[in-house]
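Have a look at the structure below before the remarks.
The values are calculated or read from the model by the stated rules, or taken from the named source; none is laboratory data. The model shown is predicted, which means the values in this text are computed figures rather than measured ones. All Cβ positions, even for glycine, are placed from backbone atoms using ideal geometry, and neighbour counts span all protein chains on display.
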């Protein structure tokens, strides 16, 4: 519960929203569209050819140089992870050079141009969608591909590829899993802010793609009064018998506990009416003890692989990595694997979008010709206060489904 009885209505939600805005923005602006990968779409061939026997020159653009401790930690994590991957690149040599962007479009472009002038053959980063779009435009005339950490599919395409885990990817995984288990009538519940509406669009696309039915949609403001007003609308929709699952965006961390608590009081809870969400329901850890979240579905990376990476990182650098740190490891590792295979076109559109994809430290992933990516995810729930994996993440590209 985010607001105590002595807190003014809306105060707790506003505070929680403010605390999480930076992280949510980083996740959305910082880190794939999940269409079934039976065949890569055609498109222009972009990117530098390489000599596999020579070092591959990779420019890493990170959001260093700001006054934000979180951004400095993230920049440090991305840098350290990329260096780990370069050191692990047996059979390939990576010439990694790091550039700080300070989160600025102008500085990101200036640094990308400086990197290209110094011979960079591919850009890894930057973090934010606006930065990535600007850098992509600057690098296109120079025939250089950009592997951004953004998960905003709006900037994907041409020479820009998104590495992160997008709303589209999560929504597709959960809706596909639900349809296989008879949960085909989905009520969409979304915040009416930008992230909520973009998440809602991803959910609607996943519903249509996987043969489910949109049973209705309820938008609500990010406020206590907004959620209070939306709750009876959701409950009434469920009472019609035309809804067997509820998919909520719940991107602001304070929204999920309060909304699901309200719904539980109204008699709506999993698994009778299956609830699922775009965000991780097991973080922060105190959520594991919230009964209203029990049996809800959410998607997470392969936990075994993720934990191995985090433990190794902490042992090497003496601190925990940022949750986005694995993206830079994956980017460097993918480039190294292509170079190690002797592919001169490793950094071109064709090379980067090989159908088999790549093995990342958080699971398998692959890049698509439309610039989006697809990541293997597990479906998880909370049961008896514990995280439980309902359906493990696929370990090869065939597991993405059709």
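All conditions but one from (1) assigned by TED's automatic domain parsing to the domain that holds residue 353; (2) within 22 Å of the chain's Cα centre (by Cα); (3) at pLDDT 95 or above apply to residue 323; the one that does not is (3). Taking the criterion of being farther than 17 Å from residue 183 by Cα and not in a helix (DSSP H, G or I), the residues of the stretch 218-243 that qualify are 218, 219, 220, 221, 222, 223. Restricting 178, 103 to those that are outside the structural domain of residue 198 (by TED's automatic domain parsing) and under 30 Å from residue 201 (Cβ atoms) reduces the list to 103. Residues that are modelled with pLDDT of 95 or more, assigned to a loop (DSSP other than H, G, I, E, B), under 16 Å from the mean Cα position of the chain (by Cα) and buried (at least 24 other Cβ atoms within 10 Å of the Cβ): does the stretch 160-176 have at least one? Among the residues of the stretch 160-176, at least one is modelled with pLDDT of 95 or more, assigned to a loop (DSSP other than H, G, I, E, B), under 16 Å from the mean Cα position of the chain (by Cα) and buried (at least 24 other Cβ atoms within 10 Å of the Cβ), which makes the answer yes. Of all residues in the stretch 283-295, those that are closer than 15 Å to residue 245 by Cα have Cβ atoms under 9 Å from Cβ atoms of residues that are exposed (fewer than 10 other Cβ atoms within 10 Å of the Cβ), 6 or more apart or on another chain, in 294/384. Taking the stretch 177-202 as the range and being over 13 Å from residue 276 (Cβ atoms), touching a strand residue (DSSP E or B) at 6+ places or on another chain (Cβ under 6 Å) and in a helix (DSSP H, G or I) as the test, the residues that pass are 196, 200. Of everything in the stretch 244-268, what is modelled with pLDDT of 95 or more, in a loop (DSSP other than H, G, I, E, B) and surrounded by fewer than 22 Cβ atoms within 10 Å (Cβ to Cβ)? Give them in sequence order. The answer is 244, 266, 267.
The residue of the stretch 85-129 that is modelled with the lowest pLDDT, among those that are surrounded by fewer than 20 Cβ atoms within 10 Å (Cβ to Cβ) and at positive phi, is 91.
Give the residues of the stretch 370-390 that are under 21 Å from residue 155 (Cα atoms) and buried (at least 19 other Cβ atoms within 10 Å of the Cβ), sorted by residue number. Explain how you work it out, then say what you get.
Within the stretch 370-390, the subset under 21 Å from residue 155 (Cα atoms) is 370-375.
Answer for the stretch 370-390, where residues must be under 21 Å from residue 155 (Cα atoms) and buried (at least 19 other Cβ atoms within 10 Å of the Cβ): 371, 372, 373, 374, 375.
Restricting 292, 315 to those that are within 30 Å of residue 261 (Cα to Cα) and either in a helix (DSSP H, G or I) or over 18 Å from the mean Cα position of the chain (by Cα) (or both) reduces the list to 292. Just so you know, in the stretch 364-386 the residues that are part of a strand (DSSP E or B) and out of contact with any strand residue (DSSP E or B) (no Cβ under 6 Å at 6 or more places or on another chain) include one that is farthest from residue 163 (Cα to Cα), and it is 383. When residue 51 is tested against the conditions (1) surrounded by fewer than 21 Cβ atoms within 10 Å (Cβ to Cβ); (2) under 23 Å from residue 130 (Cβ atoms); (3) at pLDDT 50 or above, the lone failure is (2).
One residue alone among 96, 74, 61 is assigned to a helix (DSSP H, G or I), within 24 Å of residue 322 (Cβ to Cβ) and in contact with a strand residue (DSSP E or B) (Cβ under 8 Å, 6 or more places away or on another chain), and that residue is 74. Of everything listed in (1) within 14 Å of residue 303 (Cα to Cα); (2) part of a loop (DSSP other than H, G, I, E, B); (3) in the same structural domain as residue 81 (by TED's automatic domain parsing), the single unmet condition for residue 394 is (3).
Residues being in a loop (DSSP other than H, G, I, E, B), within 21 Å of the chain's Cα centre (by Cα) and crowded, with 21+ Cβ neighbours inside 10 Å: count how many of those fall in the stretch 344-356. Going through the stretch 344-356 one residue at a time, the tally reaches 0.
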